[in-house]
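Below: the structure, in structure tokens.
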Amino acid sequence: MLKERAREVGLLVALADVALLSVAFIASCLFRFQVMGPLLGQDTPVKFQPYVWILWVSVPLLLYLFRQAGLYDSLRRLGAGEVFWLTCKPFLVAAALMGLAVFLFQDKSYSRPIFFSYFLLGFLLVAAEKQVIKYLAHKARRQGYNTRDVLIVGANPDAVAIGRLLHESREYGYRVRGHLTARDETVTCTDLFPVLGDVSELDRILDRDTIDEVIFAVPYSQVPAHEGAIRLCEEVGVKIHLKIDRVGNLLSRTYPSQLGEFPMLTLASTPHDAMEVLTKRLVDVTVSAAALLIAAPLMAAAWAAIRLTSPGPAVFKQERSGLNGRRFVLYKFRSMYVDAEARLEALRAHNEMGGPVFKMSRDPRVTPVGRWLRRWSVDEVPQFFNVLKGDMSLVGPRPPIPDEVQRYERWQRRRLSMKPGLTCLWQINGRNSIDFDEWMRLDMSYIDNWSLGLDFKILARTIPAVLFARGAR
């Protein structure tokens, strides 16, 4: 692929996506009427018209989501698994949005077999296409097509390491022409590429040689001293890369952002990918709405059992700390007597959990019905309303009481940097059977390694943890 034709190539790929989605729609209709129909004893001719709205709505939506996910950018540097997951996310979002719309508007021109087989087959076809595109782009770069000539400003160890990386990883598509020593820099070693001079000679080299990009591999504090060289590259239209130094042992990921007309370098330990954050929220809303509908009889039974066995309201409301310390009201089925808060101080000496959290295996404040509710996590079901409201997520660190947060050590406060959840690593690793410090470390591990895949794994492991009441008290 020639970079000068990137826009045209992107358009061709988008047209190929439309063609594949159309094939998936036609195949799903044929599957419904010519395969499933006879199996169900139905002899109905193939119908496209009543369901063609699925195609009209999904195609522009998916093309937009593909673009936002970066599927029309270069894929050659990504692994096969990354490309697969990058393709999966837009289909999950589109299917969730359209499924929610069908549910809310009770659309009659809707066939579940067509809907689900269309999205499944469309995903498989587009995922295969992206893998082929990735393979072809990678092969073209390995064979020397569409390479870019790059000059590295700097002859320090980092600059040499960058040159070696570009030389060994030919799929990046760079051909290093050499190094220029930076201002006040002594050459250490350049075992692969020659030193062509110092940065003051950059104008001469740009006039004489073909240079597509320049990498300034200098300490960030020295970037202002190279402003003239940077402006020179801008003036002649050569792309510029600035190496960013890591500040100590950062937990955060770095990524470029824009604030109005001001370019920013942002450091964040929490998710920032808009597509993944949107997908997480759509999963929260869809699953919570379905869970509340399915659990309605159970909730009614729990409400009646609480009201009939102890005085007081069935639903307990408590202020908790959410994202970055925001206060919100958490809902639970009441599992304690109404005077539980007043009796807490008298029981402090029996606390079985380290840190600021109070846990007691045979807490006398818990009602007989409450013990059953807690054992099977039924008391947590009303928190699906918190998820629908947006105060919580399905997966995330458990929301603490504000008084507990006041007694956190500074490193523990980072668990508030993600929206709290119904379940997390703590829930599936023993809940109350692990100590407070291990609980905090599990939350930090979740934040540092967050992905949608991790969320799905935690949700899948939460079900047996609840069913078998592992670690519950």
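The values are calculated or read from the model by the stated rules, or taken from the named source; none is laboratory data. The model shown is predicted, which means the values in this text are computed figures rather than measured ones. Ideal geometry is used to build each Cβ from the backbone, glycine not excepted, and the neighbour counts take in all protein chains shown. The accessibility values were calculated without ligands, DNA or RNA, using every heavy atom of the protein model including side chains. Shrake-Rupley method; radii C 1.70, N 1.55, O 1.52, S 1.80 Å.
Brief remarks on what is shown
- Of all residues in region 158-192 being part of a loop (DSSP other than H, G, I, E, B), closer than 15 Å to residue 222 by Cβ and at pLDDT 75 or above, the one that is least open to solvent (accessible area, probe 1.4 Å): 182
- Residues (part of a strand (DSSP E or B) and surrounded by 15 or more Cβ atoms within 10 Å (Cβ to Cβ)) located in region 316-342: 316, 320, 321, 328, 330, 331, 332, 333, 336
- Of the numbered criteria (1) open to solvent by 30 Å² or more (accessible area, probe 1.4 Å); (2) more than 30 Å from residue 63 (Cα to Cα); (3) not aromatic (Phe, Trp, Tyr), the one residue 347 fails is (1).
- The lone exception for residue 155 - which of (1) at pLDDT 90 or above; (2) in contact with a Leu (Cβ under 9 Å, 6 or more places away or on another chain) it fails: (1)
- In region 359-380, residue surrounded by the most Cβ atoms within 10 Å (Cβ to Cβ) [restricted to those that are at pLDDT below 85 and of a type in the set (Lys, Arg)]: 359
- In region 193-232, the residues that are touching a residue at least 40 places away in the same chain (Cβ under 8 Å), of a type in the set (Gly, Ala, Ser) and open to solvent by less than 40 Å² (accessible area, probe 1.4 Å): 217, 229
- Taken as a whole, the condition of being touching a Leu at 6+ places or on another chain (Cβ under 9 Å) and either farther than 24 Å from residue 287 by Cα or surrounded by fewer than 17 Cβ atoms within 10 Å (Cβ to Cβ) (or both) does not apply to residue 353.
- When the criteria are applied in full, residue 100 fails the requirement of being at pLDDT 90 or above, surrounded by fewer than 17 Cβ atoms within 10 Å (Cβ to Cβ) and under 23 Å from the mean Cα position of the chain (by Cα).
- The set of residues in region 202-229 being among the β-branched types (Val, Ile, Thr) and under 21 Å from residue 147 (Cβ atoms) consists of 205, 210, 211, 214, 215.
- Checklist (1) outside any helix (DSSP H, G or I); (2) open to solvent by 40 Å² or more (accessible area, probe 1.4 Å); (3) in contact (Cβ under 8 Å) with a residue 24 or more places away in the chain applied to residue 256, failing item: (3)
- Subset of region 393-405 (residues that are among the hydrophobic types (A, V, I, L, M, F, W, C) and either open to solvent by 20 Å² or more (accessible area, probe 1.4 Å) or out of contact with any strand residue (DSSP E or B) (no Cβ under 8 Å at 6 or more places or on another chain) (or both)): 401
- Matching residues, region 452-461, being over 23 Å from residue 412 (Cβ atoms) and in contact (Cβ under 8 Å) with a residue 12 or more places away in the chain: 452, 453, 459, 461
- Residue tally, condition aliphatic (A, V, I, L, M) and either in a loop (DSSP other than H, G, I, E, B) or buried (at least 17 other Cβ atoms within 10 Å of the Cβ) (or both), over region 233-244: 2
- Members of region 406-455 that are open to solvent by less than 20 Å² (accessible area, probe 1.4 Å), within 17 Å of residue 323 (Cα to Cα) and of a type outside the set (Ser, Thr, Tyr): 412, 415, 416, 418, 420, 421, 424, 440, 443, 444, 447
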